[in-house]
């Protein structure tokens, strides 16, 4: 069975034996999970043995495209990079922008699966069907930016490069993978998985093509969809402001965390908001096949970055007690170069600041210390000095030094920068997300705060709300479409699938794919021993009321949280313990 | 005569232009065979640079063609029954946009005056005027 849009080919790379083979894509799985997120999780569910050490050669690193990759479907340039997470022990599918997904597809592959581990540091060069293992001893230890620059110099700027920094090499479980310098597969230590395989970089160029039915006619239809749907005002704000726009929305809504989530406002937020940052904008850039172009290329006197995104601004700004925009941009630049996830790295230092201030353990850094903030990032990536401790992340630090009352994580993944006490559904979204606390799985503030369509300070209806948001994102990310096409609908997704594959898809089928993806991810985690006990809310959100801002006085009672969990499990047909019944697993 | 114009300050490097071009001329999305090649990249991470290969209808290819295979009225037409694939046009092209494939020259024909690349360019960095 084949379907247009796909290459019907997987490149399988055995790093231990230094060999590469190709095989057909499992189209029976693609019919049910489409591509990217969903199909990557299905492959890992089928191929990974339960209980493996995520940093051992037994783990696999999957680069998964989708049927729309390499076509002009707007916002379809994202690549799923997936593995079992060394930070959480759960499944971990990351989504990275840039141009690498397109190059993989043009090289003739839907997916690349890395198995085993190299004995010495290396990188992989892929030019269409030609796969070469290269020595990376000169690149090992170098920052991700220097590694990418060296490889781009050698091969040319039309090659896509995915690389890790020292954090990935040193198996720091908050290490990311970079591409195009400033795009990341950020979370869950995906860069440490690549580092454990001693794979410094993947360099790829494809010269082939992607076929779809009635290409002339369908390209015209896609162009119309781009112009009439994607490029409407509800989406194009992302070109003008990038995600800096969320800073004001979150500040107004009382969900902008400050000082390690001890409160949710910052009176100084206008010192580092979009107006200030974008004054330093010198260019715009998007991903391959993007229509919107969210990337802001900024240059301060001593700091350069494409970004910073909302998450990085919030974590290194108000949540760290820092209000210097150049320090925030420098934080972003150093974290990218070191190959550290800005969210987890920032959160961990913020936690250490509070531990120090409260006298629980002295990490030598207090809120607002922007000089040490930057120094500590490098120490963490290299596991040197205090960085050896901080590289453990929030959860393991609490096991070592205490501080559980203000440790913000789920399953060992640090909290993103949306404060749930002002958006109760977000506490549920973080709790049930397939990889620990992630804001990309079900974006509750959109309903509870920005659109204000659902009351934020109640448990009522939140199970269904988080389910609906989760199903939608699960199918959207399985189509490899970016979050910033905010006006996307099920109807549109079905239409796009029909245009690309040539077989008729329906809205109902899209919803079924989304639900199936939520279930297969849960099934993976369930097999690893996760259940209700792991779907947690941090103590701070239950015990301490916010003192200021739009949600002042709010905290989330434990009973309300448990109620939300009950509702969510019920909508999915899972039992009270959050377990998927066997007969449902069999149908996946 | 209308020509393609490119404003790099508006370009986001999405390469939709090359995808649309190859769809119209090659029957698949294959930027390596597109008759336009516009992209941006970060040079060493520190400078945003642009590659802007597109036909400006300068006519140098026509003047240089040793066998008279190229004509230029409203747009370029390469007569493949005459073209010998010698590559003189490719080497002479100031925008480095001509490709020789299977001993034939492939040059932008502005989609007969209605260029698909312009229609799809999401930020209107490409215009035809």
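The values are calculated or read from the model by the stated rules, or taken from the named source; none is laboratory data. Quantities reported herein were computed from a predicted structural model and do not represent experimental measurements. FYI the Cβ positions are ideal-geometry reconstructions off the backbone, even for glycines, and counts take in every protein chain you see.
Only one of the numbered conditions (1) more than 14 Å from chain B (Cβ to nearest Cβ); (2) surrounded by fewer than 21 Cβ atoms within 10 Å (Cβ to Cβ) is not met by residue A:264, and that is (2). For the range B:75-87, residues that are in contact with a helix residue (DSSP H, G or I) (Cβ under 6 Å, 6 or more places away or on another chain) and surrounded by fewer than 16 Cβ atoms within 10 Å (Cβ to Cβ) total 0. Annotation: of all residues in the range A:134-168 being in a helix (DSSP H, G or I) and without any contact (Cβ under 8 Å) to a residue 40 or more places away in the chain, the one that is nearest to the other protein chains (Cβ to nearest Cβ) is A:149. Here residue A:393 fulfils each of the conditions (1) without any contact (Cβ under 8 Å) to a residue 40 or more places away in the chain; (2) touching a helix residue (DSSP H, G or I) at 6+ places or on another chain (Cβ under 9 Å); (3) at positive phi; (4) assigned by TED's automatic domain parsing to the domain that holds residue A:340 apart from (1).
The single residue among A:520, A:585, A:481 that is crowded, with 22+ Cβ neighbours inside 10 Å and farther than 27 Å from residue A:213 by Cα turns out to be A:520. For the range B:88-129, filtered to residues that are more than 14 Å from chain A (Cβ to nearest Cβ) and closer than 30 Å to residue A:239 by Cβ, the residue that is surrounded by the fewest Cβ atoms within 10 Å (Cβ to Cβ) is B:129. For the criterion of being touching a residue at least 40 places away in the same chain (Cβ under 8 Å), over 21 Å from the mean Cα position of the chain (by Cα), outside the structural domain of residue A:166 (by TED's automatic domain parsing) and surrounded by fewer than 24 Cβ atoms within 10 Å (Cβ to Cβ), residue A:318 fails.
Only one of the numbered conditions (1) part of a helix (DSSP H, G or I); (2) touching a helix residue (DSSP H, G or I) at 6+ places or on another chain (Cβ under 9 Å); (3) within 11 Å of another protein chain (Cβ to nearest Cβ); (4) crowded, with 24+ Cβ neighbours inside 10 Å is not met by residue A:192, and that is (3). Tell me, yes or no, whether the range B:85-96 has at least one residue that is under 30 Å from residue A:292 (Cα atoms) and outside any strand (DSSP E or B). Within the range B:85-96 (the criterion being under 30 Å from residue A:292 (Cα atoms) and outside any strand (DSSP E or B)), the answer is yes, since at least one residue qualifies. Is the range A:416-434 home to any residue that is farther than 22 Å from residue A:264 by Cβ and assigned to a loop (DSSP other than H, G, I, E, B)? No - not one qualifying residue is present in the range A:416-434. Among the residues here, residue A:311 does not qualify as closer than 25 Å to residue A:266 by Cα, at the interface with chain B (Cβ under 9 Å from one of its Cβ atoms) and touching a residue at least 24 places away in the same chain (Cβ under 8 Å). Only strands (runs of 3 or more DSSP E) whose full extent lies in the range A:1-83 are considered here, and the ones with at least 1 residues that are free of Cβ contacts under 8 Å to residues at least 12 places away in the same chain are A:19-23. Give me the residue from the range A:435-460 that is in a loop (DSSP other than H, G, I, E, B) and touching a residue at least 60 places away in the same chain (Cβ under 8 Å) and, out of that set, farthest from residue A:545 (Cα to Cα). That would be A:435.
Residue-wise test of (1) free of Cβ contacts under 8 Å to residues at least 24 places away in the same chain; (2) touching a helix residue (DSSP H, G or I) at 6+ places or on another chain (Cβ under 7 Å); (3) assigned to a helix (DSSP H, G or I).
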position	(1), (2), (3)
A:202	no, no, no
A:208	no, yes, no
A:212	no, yes, no
A:226	no, yes, yes
A:256	no, yes, no
A:283	yes, no, no
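So which residues in the range A:291-308 are in a loop (DSSP other than H, G, I, E, B), within 19 Å of residue A:245 (Cα to Cα) and within 14 Å of chain B (Cβ to nearest Cβ), if there are any at all?
Within the range A:291-308, A:291, A:292, A:293, A:294, A:307 meet the criteria.
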